[in-house]
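*Asks:* Here you go, one structure.
Here, each number is a calculation from the coordinates, and none is a lab measurement. Model, not experiment: these values are computed from the prediction. Neighbour counts run over all protein chains shown; Cβ positions are idealised from the backbone, glycine included.
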Amino acid sequence: MELHEMNSDAAERESRFLKRIAEGQTIEPKDWMPERYRKQLLRMMSQHAHSEVVGMLPEGNWLTRAPSLMRKSVLLAKIQDEAGHGLYIYSGAETLGTSREEMIDQLLTGKAKYSSIFNYPSLNWADMGAIGWLVDGAAIVNQTMLAKCSYGPYARAMVRICKEENFHNKQGYQIMAHLMRGTKEQQEMAQDAFNRWWWPSIMMLGPSDKNSPNSAELMSWKVKLQSNDELRQRFIDRTVPQAEAIGLTVPDEKLKWNPQTRHYEFGEINWDEFNQVISGNGPCNRLRMKQRRDAHENGRWVREAALAHAAKRAKSEAA
Ligand code: BYC
């Protein structure tokens, strides 16, 4: 084939791909896609899967100290859901041509990122409320958008995940509301957790649009349908009234409702802190990576046993 024919083939494939996206169709694993689209999705989806798995750690910290059997079983169910989310998203990401083992290796060797939010400590029981309400709340805002993204396997995984995150969000808010109806000490504990998790949850939605190098490309492919700042505003607008309804004070002196724009205005975000956290220097980055590596090592015998069992079964079925 002549070079000009190859070039025109490539251009035609690319324009078919872009047309499908423009028409709102999904791109499926066996469809042609530009290499850069594949790479960007793999980066996002693997980071997302890692976040679900690392995200089990701050809550796992309180499983043995939950205040009642009911609270403990709800928290346990939530943490198990997060493991499930990790598995769906790893499976979705594998359709882009990288194995789960490779992705996990990238996490454990520090090459892949996971969400900044999980590098903060969970210091008291109210943190379980704050995480469910705020962290899952921010995640829902982001993931409701991703449920309409152009890559089919990611979009479909998000539909189910969002349903489960809604339950997580409500159980977190319910813990906070319950504490706010309790003693003065319980109210202070809830306010303290809120103060510590508010700003990191706002940062979790990513850098401001002017410092978001990946956004333009992801938006042109409808992987992202809204920008980081648009989602952040949406999260703040829906969360502030929830805080006020149960008597919590938002830790932001500049927070103000603007009746013209019908949005809350808010104070300066500490982007230095965010940049420190995403470059490995947050309060718990080293601890989280150690916990993850230890968990991976401690689970090695389970993986080996499962593989040996599968091999034995395959052999007996073949006989
Ligand atoms: N943390 O150009 P930008 C959950 C990085 S878990 C760390 O805006 P993009 C839950 C970004 O990766 C749900 N890094 O990037 C689980 C990029 O660096 P690289 C987690 C961040 O991709 C358990 C650089 O900054 N959700 O709900 O356009 C218990 C520039 O950023 C962060 C997801 O993972 C961050 N927060 O947008 C409870 C959602 N933000 O990779 C709850 C999926 C940015 O070029 N991901 N960076 O080296 C996304 O939607 C997007 O990737 C982001 C960033 C909005 C996060």
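*Asks:* What pairs from K113/K222; K163/K290; K39/K111; K78/K222; K30/K113; K39/K224 go past 19 Å between their alpha carbons?
*Replies:* Values: K113/K222 22 Å; K163/K290 31 Å; K39/K111 15 Å; K78/K222 30 Å; K30/K113 27 Å; K39/K224 15 Å.
Where the Cα-Cα span goes over 19 Å, the pairs concerned are K113/K222; K163/K290; K78/K222; K30/K113.
*Asks:* Most mobile of R262, R71, R43 per a Gaussian network model of the chain (Cα springs, under 10 Å)?
*Replies:* R262
*Asks:* For the chain, calculate the relative contact order in percent as a whole number, restricting contacts to Cα pairs under 8 Å that are 6 or more residues apart.
*Replies:* Worked out over the chain, it gives 18 percent.
*Asks:* Give me the Debye-computed log₁₀ of I(q)/I(0) at q = 0.07, 0.08, 0.09, 0.11 Å⁻¹ for the chain, equal point scatterers on Cα only, no solvent, two decimals.
*Replies:* Evaluating at q = 0.07, 0.08, 0.09, 0.11 Å⁻¹ gives log10 I(q)/I(0) of -0.33, -0.42, -0.53, -0.76.
*Asks:* Ok, one more. Counting other beta carbons within 10 Å of each Cβ, put L42, L134 in order, fewest first.
*Replies:* Least crowded to most crowded, the residues run L42, L134.
*Asks:* Right, next: Report the label-to-label distance for S220 and S99 in nanometres (one decimal), using points 7 Å from each Cα along the Cα→Cβ vector.
*Replies:* Result: 3.4 nm between the two label points.
*Asks:* Most fluctuating residue of N214, N61, N258 in a GNM of the chain with Cα springs under 10 Å: which is it?
*Replies:* N258
*Asks:* To make sure I understand, if each residue's beta carbon is the centre and we count other beta carbons within 10 Å, what order do R36, R293, R20 fall in, fewest to most?
*Replies:* Starting with the residue having the fewest Cβ neighbours, the order is R36, R293, R20.
*Asks:* If you plug each phi of the stretch 69-75 into the Karplus form 6.51 cos²θ - 1.76 cosθ + 1.60 with θ = phi - 60°, what whole-Hz ³J(HN,Hα) values come out, in order, with x for Gly and Pro?
*Replies:* 5, 5, 4, 5, 5, 5, 5
*Asks:* Once every DSSP H run of n ≥ 4 in the chain is given -39500 (n - 2.57) and the sum is divided by its residues, what mean residue ellipticity at 222 nm do you get, rounded to the nearest 500 deg cm²/dmol?
*Replies:* That comes out to -21500 deg cm²/dmol.
*Asks:* Separate question: List, in order, the whole-Hz ³J(HN,Hα) value for each residue of the stretch 144-149 obtained from phi through the Karplus relation with A = 6.51, B = -1.76, C = 1.60 and θ = phi - 60°; use x for Gly and Pro.
*Replies:* Rounded to whole hertz, the list is 5, 5, 5, 5, 10, 6.
*Asks:* Turning to a different aspect of this structure: Given the C-alpha atoms of the stretch 242-318, compute the convex hull and give its volume per residue in Å³.
*Replies:* Each residue corresponds to 256 Å³ of Cα convex hull volume.
*Asks:* Follow-up question, since we're still on this one. For the stretch 1-134, what is the convex hull volume of the alpha-carbon atoms per residue, in Å³?
*Replies:* 144
*Asks:* Could you grab the relative contact order for the stretch 90-232? Cα pairs under 8 Å, six or more apart, rounded to a whole percent.
*Replies:* With pairs under 8 Å counted, the relative contact order is 29 percent.
*Asks:* Compute the distance in nm between two label points, each set 7 Å from the Cα along the Cα-to-Cβ direction, one at K256 and one at S279.
*Replies:* With each label point 7 Å from Cα toward Cβ, the separation is 3.4 nm.
*Asks:* Work out which GluC sites (Glu not before Pro) in the chain are exposed loop sites (DSSP not H, G, I, E or B, at most 15 other Cβ within 10 Å) and give the longest gap free of them.
*Replies:* 24-252
*Asks:* Would you grab the residues whose amide H sits under 5 Å from the one on H263? Only those 5+ places off in sequence or on another chain, please, with H modelled 1.01 Å from N.
*Replies:* N258
*Asks:* Please turn the phi angles of the stretch 283-296 into ³J(HN,Hα) values with the Karplus equation 6.51 cos²θ - 1.76 cosθ + 1.60 (θ = phi - 60°), one per residue in order, whole Hz, x for glycine and proline.
*Replies:* So the J values, rounded to whole Hz, are x, 10, 3, 5, 4, 4, 5, 5, 4, 5, 5, 4, 4, 5.
*Asks:* Give me, ordered by chain and number, the residues 5 or more places off I27 or on other chains with an amide H under 5 Å from its own placed amide H.
*Replies:* Those qualifying (amide H under 5 Å, at least 5 residues apart or on another chain) are Y151, G152.
*Asks:* Which residue, P29, P153, P213, has the most motion in a Gaussian network model of the chain that connects Cα atoms within less than 10 Å?
*Replies:* Maximum among the listed residues: P213.
*Asks:* What number, in percent, do you get for the relative contact order of the stretch 1-126 if the mean sequence gap of Cα pairs under 8 Å and at least 6 apart is divided by its residue count?
*Replies:* It comes to 31 percent, rounded to a whole number.
*Asks:* Compute the semi-axes of the equivalent ellipsoid of the stretch 174-280, taking the square root of 5 times each eigenvalue of the Cα gyration tensor, and list them largest first in whole Å.
*Replies:* On the way: eigenvalues 168, 56, 32 Å².
Semi-axes from the Cα gyration tensor: 29, 17, 13 Å.
*Asks:* If neighbour count is taken as other Cβ atoms inside 10 Å, put I21, I131 in order from fewest to most.
*Replies:* Result, fewest neighbours first: I21, I131.
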